[in-house]
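The values are calculated or read from the model by the stated rules, or taken from the named source; none is laboratory data. On a predicted model such as this, the values are computed, not experimentally measured, just so you know. Neighbour counts run over all protein chains shown; Cβ positions are idealised from the backbone, glycine included.
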C-alpha cells in the first residue's frame, strides 16, 4: 500500500506559508511514498488568490525538489483549480498543456460569496447554504476535465455544521453518480479535523 498526500499547498499558494523543501523533508520523515503539490489557481477577482499564482516559479521549485528528493519521494506537480464551472475554457487550456500530473477542482465561492463568509450564514439558513453549494459542485462535476474533486462539504470547515433538506438530497446523489461515470476521484479531506471538528470532508452522509 502506498502512503500519499495528494493535496498540499506551499508558499506558492496565497493561503500557505510552508516551504516546498521543508514539506518534502516532512513527507520523507513521515514515511510517505509520494506527495502532490496542488497550488491554488483562482480566477475569481474577489478571491484573495487572484493573480497570486506564478507558474514559472512553481515549475522551478518542483524541478528543484525532484532533483533534491526524487530518489526518496515521488513528487507530483498539481494544481487546485477554483470554480471550474465558472471558467471551463481556462481549465481546458491548462489541462491541454499536459504540465500537471494531477488537477484538483475546488469550489470556494457560491452566490457571489466565499463559502466560509460569516455574512453568508447571516443571510441564509445552513440548509440553503449547502443546497446552493452542492448545486455549484454539481455544475463543476458536469464540466469535468479534472482528476479529483476536492473538499466536498467545504462550508462545514468554516461554519461548523452541516444540514440538508430531503428535497435537496438529489443534487449530491447526482454529483456522485457523475463522478463515478467520469472516473473522477472523490477526495477525503482531513482539514476539518485540524479545526476542531470530528469529521472529514466529506463525511458519512456523502460517503
message: List the helices (runs of 4 or more DSSP H) inside segment 129-207, counting only whole elements, that have at least 2 residues being on the phi < 0 side of the Ramachandran plot and in contact (Cβ under 8 Å) with a residue 40 or more places away in the chain.
response: 154-159, 170-182
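Listed here are the residues, each with its yes/no results for (1) assigned by TED's automatic domain parsing to the domain that holds residue 62; (2) within 30 Å of residue 85 (Cβ to Cβ); (3) surrounded by 20 or more Cβ atoms within 10 Å (Cβ to Cβ); (4) modelled with pLDDT under 95.
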| position | (1), (2), (3), (4) |
| --- | --- |
| 3 | yes, no, no, yes |
| 9 | yes, yes, no, no |
| 14 | yes, yes, no, no |
| 20 | yes, yes, yes, no |
| 25 | yes, no, no, no |
| 28 | yes, no, no, no |
| 31 | yes, no, no, no |
| 35 | yes, yes, yes, no |
task: Find the residue count for segment 148-183, including only residues that are closer than 22 Å to residue 80 by Cβ, surrounded by fewer than 20 Cβ atoms within 10 Å (Cβ to Cβ) and modelled with pLDDT of 90 or more.
output: 6
message: Quick check on segment 73-113: of everything there that is part of a strand (DSSP E or B) and under 17 Å from residue 131 (Cβ atoms), which residue is nearest to the chain's Cα centre (by Cα)?
response: 109
message: Please verify whether residue 50 is without any contact (Cβ under 8 Å) to a residue 12 or more places away in the chain and not assigned by TED's automatic domain parsing to the domain that holds residue 141, treating the condition exactly as stated.
response: yes
Output for segment 25-65, where each listed residue is part of a helix (DSSP H, G or I) and in contact with a strand residue (DSSP E or B) (Cβ under 7 Å, 6 or more places away or on another chain): 27, 58, 62, 65
- request: Spot the failing condition for residue 85; the list is (1) over 24 Å from residue 202 (Cα atoms); (2) surrounded by fewer than 20 Cβ atoms within 10 Å (Cβ to Cβ); (3) at pLDDT 95 or above, and only one is missed.
  value: (1)
task: Answer with yes or no whether residue 50 is closer than 21 Å to residue 146 by Cα and either buried (at least 19 other Cβ atoms within 10 Å of the Cβ) or modelled with pLDDT of 95 or more (or both).
output: yes
task: Tell me, yes or no, whether segment 17-38 has at least one residue that is free of Cβ contacts under 8 Å to residues at least 60 places away in the same chain, within 22 Å of residue 147 (Cα to Cα) and touching a helix residue (DSSP H, G or I) at 6+ places or on another chain (Cβ under 6 Å).
output: yes
